[in-house]
Every structure is written in structure tokens, then in C-alpha cells.
Amino acid sequence: MEHMMGLLRIHVQKGVNLAVRDVVSSDPYVIIRMGKQKVKTKVVKKNINPEWNDDLTLSVSDPSLPVHLFVHDKDTFSLDDKMGDAEFEIGPFVEALKMQLQGVPNNTIVTRVQPSRQNCLAEESHIVWRDGKVVQNLVLRLRNVESGEVELQLQWIHIPGSKGL
């Protein structure tokens, strides 16, 4: 296995204004991929504004790999329908982790990541020093679909003995 730097905890908070894929609603869930890893949330039945509040964890050995997010509608008797996708980079988050932030006031914004054509951010994303940890809140606008956003929060879990940051 490659040298692991640590774990990325992705708190998948909620979806907003997701596409309708069944008659009047959808049964959405999220799949997140990074490299060869794949994790997914639970299904929320009949809801286009689902609250997953699921924590998904990926091991990180190469922080330059993009994180891909896919939203699907769970179907019982047919293939699950696609409800859009997005991707984001963890490079700015990893760079903030390398800063010496002990003693910095709580809720200090360390870095701002602007929405651009190169990312799927719906609004400016803040990397914040909160309660002794670096956290990043993201609102991702889904691509390849008529509507929808997914809200996430990133946290880092240091693994004792890993090559670290």
C-alpha cells in the first residue's frame, strides 16, 4: 500500500433542490470516489432536499487526486438513475493542515477557495480553524443535471505512525 498521509472525513450534510427522478420525488444517495476508493451514504426515501448527515472516510496517500461525488436515485426494479456529479480538490485543505495554527483564535478563516470554472463550488468555501481542527465547508453545484447542490464538511484524522503532513 502507498504511504498513507491520514484520513479524510467527509461529512455529507445534505442535498438541496435535487432533481426529480421518480414520479414526484427521488430516493437519493451519494457515492464518493477518490482513486480506487469508493464510499456511499444511506438512501433517503422520497426527498429532493435530503439530510444524510453521514460521515464517510477516505485514506489519503496522494492529495493531488480529485474527489468525485455522484448523486443517484435508488430504484428497486431498474438501474439507479443519475442525479448529477461534482468534483473537488483537497489541495488547499491539505496546505492549511500544514500551517502552524495552534494559538490562532477559534473560527479564524485560514483560506478562502473561490468558485471557478475549474471547480464545482456554488459559493466561496472557507477553510477554518475550529476547536483545534482545520475544517472546510463546501457547497458543490452538481453537473450534468438540471438542478441540485450538495453540502459537505471536510475534516482530517491524523493516523499515528503515518507519514503525516
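The values are calculated or read from the model by the stated rules, or taken from the named source; none is laboratory data. All of these numbers come straight from a predicted model, not from anything done at the bench. Neighbour counts are summed over all protein chains in view; Cβ atoms, including those assigned to glycine, are modelled from backbone coordinates with ideal geometry. Note: areas computed on protein heavy atoms with side chains; ligands, DNA, RNA excluded. Shrake-Rupley method; radii C 1.70, N 1.55, O 1.52, S 1.80 Å.
Quick notes
- Answer residue from segment 79-91, given it is more than 23 Å from Val128 (Cβ to Cβ) and not hydrophobic (A, V, I, L, M, F, W, C) and is surrounded by the most Cβ atoms within 10 Å (Cβ to Cβ) among those: Gly84
- Residue that is nearest to the chain's Cα centre (by Cα) [pool: residues in segment 1-30 that are among the hydrophobic types (A, V, I, L, M, F, W, C) and closer than 16 Å to Leu65 by Cβ]: Ile10
- Test: Asn47 is open to solvent by 20 Å² or more (accessible area, probe 1.4 Å), under 22 Å from Gly148 (Cβ atoms) and assigned to a loop (DSSP other than H, G, I, E, B): yes
- Residue match in segment 92-112 (condition: part of a strand (DSSP E or B), closer than 18 Å to Leu58 by Cα and open to solvent by 50 Å² or more (accessible area, probe 1.4 Å)): no
Condition check ((1) touching a residue at least 12 places away in the same chain (Cβ under 8 Å); (2) more than 25 Å from Arg117 (Cα to Cα)) across all residues:
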{"residue": "Ile32", "(1), (2)": "yes, no"}
{"residue": "Lys36", "(1), (2)": "no, yes"}
{"residue": "Lys46", "(1), (2)": "yes, yes"}
{"residue": "Leu58", "(1), (2)": "yes, yes"}
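- Taking the listed residues Thr57, Thr76, the one that is open to solvent by 50 Å² or more (accessible area, probe 1.4 Å), among the β-branched types (Val, Ile, Thr) and within 11 Å of the chain's Cα centre (by Cα) is Thr57, with no other qualifying.
- Residue count, segment 16-44 (criterion: over 17 Å from Glu146 (Cα atoms), part of a loop (DSSP other than H, G, I, E, B) and not hydrophobic (A, V, I, L, M, F, W, C)): 4
- Here Ser125 qualifies as open to solvent by less than 30 Å² (accessible area, probe 1.4 Å) and among the hydroxyl-bearing types (Ser, Thr, Tyr).
- Segment 122-134 residues that are among the charged types (D, E, K, R), paired with ones that are part of a strand (DSSP E or B) and at pLDDT 95 or above (beta carbon under 8 Å, 6 or more apart): Glu123/Val139; Glu124/Arg112; Glu124/Val113; Lys133/Gln155; Lys133/Trp156
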